[in-house]
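Everything below concerns the one structure shown next.
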Amino acid sequence: MASKRTPPQDASEAAAREVGAHRAGVRVLADGKGPLVVAVHGAEGGWREWQPLARELAARDYRVVALDLPWRAGNDYGWCAAGTPGTWLRDAVELLDAPVHSLLGHSLGANAVLELLCTPDVPVPAMAMLFAPFYRPAEDTVDDALEREFNVAFRFAVADGIRISLGTRYDGMDETLFESIVDTALGRIGPAGIHALYLRFAATGTFPVSAVRTPTRVLVGVNDPALIARRRTALSLAMPAAVVSHHPGYGHCFHVSHAAEVAAEFTDFLAGAVAGSGTLAGSRRSA
């Protein structure tokens, strides 16, 4: 990958793979001498959302790569026909020129990491962190009520992302205006796109999470409906390798809004984690 230090705001594409009209790419955000950390964005997000956290981890001398995956903002959701989030992530990891030490995932990206950790006969990283995953316990029935619940949670997630992107422009904004902005964003995704994401959420109830051996930290905002208290408890009980906790003051996109705190959580967890099989191997050798 990069042979000189690359500032987070200047991250050209180091590698890419296309499947039909859909593309997965690699962006190097920090090229320190430490372990390789790979970050996986959520639905309607993008690789740039990891820049604040990458700056924090760069100061600790980590290498940080953000994947640019086909569920990025503005996509048409045709990628669903070409593979699950976990298979897209597995194929993207093969583009890397070094073994992956740690996987970070946000929202749908967290679900992709969890799916990968649950996949048999796939090498796993030493540790993983899941930020605000949408998780369905196996006992939760897949029905219209569950989909309505997901739609509420997804609206919360979209609204939090918009709120953070607005920055100080949100301060004092009329709430009706803000909600209309959220409505517009959801309208652009469309019912078919939102339903496709719901199906990915529902699928997590089939993941064999009890078989995961990779030390995993799960972080969620206390009021984030993506992982309500009952489901946090269910995930913790079903997945012994996971430490699940909630934080007051965190929304859905806290990896952006609270990057310094998340970086500290990462380094503390890394220091205490017992490695799984060690690293997740990439197959690429040059960029």
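The values are calculated or read from the model by the stated rules, or taken from the named source; none is laboratory data. This is a predicted model, so every value here is computed, not measured. No Cβ is skipped: glycine too gets one built from the backbone with ideal geometry, and neighbour counts run over all protein chains shown. Ligands, DNA and RNA are excluded from the accessible area calculation, which covers all protein heavy atoms including side chains. Shrake-Rupley method; radii C 1.70, N 1.55, O 1.52, S 1.80 Å.
Quick look at the values:
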quantity: Region 29-73, accessible area per residue, ligands and nucleic acids excluded (1.4 Å, Å²); calculated: 30 Å²
quantity: The chain, relative contact order in percent, only Cα pairs under 8 angstrom and at least six apart counted; calculated: 23 percent
quantity: Whole-number D in µm² s⁻¹ for the chain, Kirkwood Cα-pair radius fed into Stokes-Einstein, 25 °C, 0.890 mPa s; calculated: 130 µm²/s
quantity: Global geometry of region 51-198, whether rounded, prolate or oblate, following the gyration tensor of its Cα atoms and the 1.5 cut on a/c; calculated: oblate
quantity: Gyration tensor (alpha-carbon) shape descriptor, region 147-267, a/c threshold 1.5; calculated: oblate
quantity: Estimated vicinal HN-Hα couplings, Hz - region 49-64 in sequence order (Karplus 6.51, -1.76, 1.60; Gly, Pro = x); calculated: 5, 8, 4, x, 5, 4, 4, 5, 6, 4, 5, 9, 6, 7, 8, 10
quantity: Ordering of 130-136, 190-196, 254-260 by burial proxy (mean other Cβ atoms within 10 Å per residue, highest first); calculated: 130-136, 254-260, 190-196
quantity: Most mobile of VAL142, VAL222, VAL40 in a GNM of the chain (Cα contacts under 10 Å); calculated: VAL142
quantity: Solvent-accessible area, 1.4 Å probe, carbon plus sulfur percent, for region 29-107; calculated: 48 percent
quantity: Cα gyration tensor shape of region 169-228, rounded if a/c is under 1.5, else prolate or oblate by comparing a/b with b/c; calculated: oblate
